[in-house]
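**Q** Here it is, the structure, as structure tokens.
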Amino acid sequence: MWQNHRNIIVVMLFFILIPLLTGCWDSKEIEQRANVLAIGVDIANEKERKKEEEISHLSKKFPIPDEEMIKVTAQIAVPGRIPLGPQQPGGSVKPVLVVEVVGHTFQDAMLSLQQEIAEVLFLGHLRIMVLSEEVAKSGTSRFNDFLRRNPEIRRTASLVVSKESASKYMNLTPELERIPSLYLANMVDNLSAIGKFPPSFIGLFWTIYSSKGQAPYLPYLELKGKSSIQLNGLAYFNGDKMVGKINPLEIGVYMAVIGIGRGGYGAFVEVPGKDETVLVRAVSRKTRTKVRLKNGKPHVSIKIQYEAEIDEKESANIQLSDSDIIKKVEKQTSKNIKKSIEKLIAKTQKKKADIFGFGEHFRAKLPQYWNKDVKTKGKWSDIYQNVTFDVKVDSHIHRVGMKSK
């Protein structure tokens, strides 16, 4: 009887282990794939439109989409040229291939791209996608469908808006990194780590875009010279279309309102009673947001506590060891930040773009009001224009440096 029981166990293990032996049946070597590392999207000009190939359709033989034709520039890794260690002497060959195609839709352009590449295109290593400002203003929904359906696209890939043509970023030659796409992606990722920008990746953009009470945002980049890139602001959207941009210093204000604790921006503050300034930098913040109905209308109360330090003073006449001067600087800093917050909120209200997510607060904390009077994202965009605010800022300077005299 024991022998029969043992035989049954062996047979069961045999059938359980067999499927494990088939784990690599569909494997493919990395050299057999065309790994797309970065993609840039622009509106095609008249000359570029004439380069359209009859790949997915015959010319003038199908219902042409209403949107303008786009130019897709792809950065593809060249097998064997991707550096895995220190740069070797004489290593002047490019590690990537840059290819440009045009199409009526994103997938149409990708099909044309495949016609020029011998290996199968693979988007699993896509690190960053750059949209020109012109494309962002025309709407991103035309790309979202293909990207969200494709299981190869990583939700952690970066999505940014560029001031210039997106194709220029694909031909960038940065000095700090041999692979342009990695330099671009690492720059966007590190901005959040050092407190210069809120978390931003393509999956988060889609999540906010799908939410009912918040408008999405993206980093806004600008080229500086032939090899440098600057974070030139934050592009904000109403629906899927870019409707405005805030400057770099206002990004710090935005991060304070949405409750990101890590500081990273500094600003000059006038010392009351003196014709001098000091550079005050935010170290950390604590934000409390409360929503209620005031006379039947939505009202938001924002209270922010700043922890800051003085990085630099303009003149030796300012004695930072004087507690009265520190208190005056703290008061002036709070006043400046409060004014900046109110100005930024008013700017976004004009564009009906609630990038702060106040609508999500109302939807979570006042569900009866939301379900009765708001219901949709479009309706909230209209209501957001007339939301009233109370802003209170309390700044505390806890460090003035080793030398204060």
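**Q** Based on the alpha-carbon gyration tensor of the stretch 145-264 and its eigenvalue square roots a ≥ b ≥ c, which shape applies: rounded if a/c is under 1.5, prolate if not and a/b is larger than b/c, or oblate?
**A** Oblate is the answer for the stretch 145-264, as a/c is 1.5 or above yet b/c matches or exceeds a/b.
**Q** For residue 364 paired with residue 268, estimate the spin-label separation in nm (one decimal), with each label point 7 Å from Cα along the Cα-to-Cβ line.
**A** Each label point lies 7 Å from its Cα, and together they span 3.9 nm.
**Q** If you split all Cα-Cα distances of the stretch 30-246 into 10 Å bins from zero, what percentages do you get per bin, shortest first?
**A** 8, 34, 37, 18, 3, 0
**Q** If I model a spin label at residue 305 and residue 390 as a point 7 Å from the Cα along the Cα→Cβ vector, what separation in nanometres do I get?
**A** Placing both labels 7 Å beyond Cα along the Cβ direction yields 1.8 nm.
**Q** In a shell of Cβ-Cβ distance under 10 Å around residue 237, excluding residue 237 itself, what net charge do Lys and Arg (+1) and Asp and Glu (-1) give?
**A** Local net charge: +2.
**Q** In nm, give the distance between the simple-model label positions of residue 346 and residue 32, each being 7 Å from the Cα along the Cα-to-Cβ direction.
**A** Each label point is offset 7 Å from its Cα along the Cβ direction, giving 6.4 nm.
**Q** Quick check: residue separation of residue 134 and residue 382 times 0.36 nm, minus the Cα distance between them. What number comes out in nm?
**A** Gain in length upon complete extension: 86.8 nm.
**Q** Could you please rank 204, 234, placing first whichever residue has the fewest other Cβ atoms within 10 Å of its Cβ?
**A** The fewest-first ordering by Cβ neighbours comes to 204, 234.
**Q** What is the calculated FRET efficiency for residue 284 to residue 312, with r their C-beta to C-beta distance and R₀ = 30 Å, to the nearest 0.05?
**A** With a Förster radius of 30 Å, E is 0.95.
**Q** What net charge do the residues around residue 301 carry, taking every other residue with its C-beta under 9 Å from that of residue 301, with Lys and Arg at +1 and Asp and Glu at -1?
**A** Result for the neighbourhood of residue 301: +4.
**Q** May I pose another question? Checking the a/c ratio against 1.5 first, then a/b against b/c, what shape does the Cα gyration tensor give for the stretch 249-399?
**A** prolate
**Q** While we're here: Consider a paramagnetic label point 7 Å from the Cα of residue 371 along Cα→Cβ; state which residues of the stretch 286-300 have an amide N under 11 Å from it.
**A** Of the residues in the stretch 286-300, none has backbone N under 11 Å from the label point off residue 371.
**Q** Kindly put 260, 16 in sequence by how many other C-beta atoms sit within 10 Å of each C-beta, fewest to most.
**A** Listing 260, 16 from fewest to most nearby Cβ atoms yields 16, 260.
**Q** Hey, another quick one. For residue 136, what charge total do you get from the other residues with a beta carbon under 12 Å from its beta carbon, if Lys and Arg give +1 and Asp and Glu give -1?
**A** Neighbour charge sum, excluding residue 136 itself: +1.
Each value in this text was obtained by applying a stated rule to the coordinates, not by laboratory testing. As the structure is a prediction and not an experimental result, all values here were calculated from the model. We place every Cβ from the backbone using ideal geometry, glycine too, and count neighbours over all the protein chains shown.
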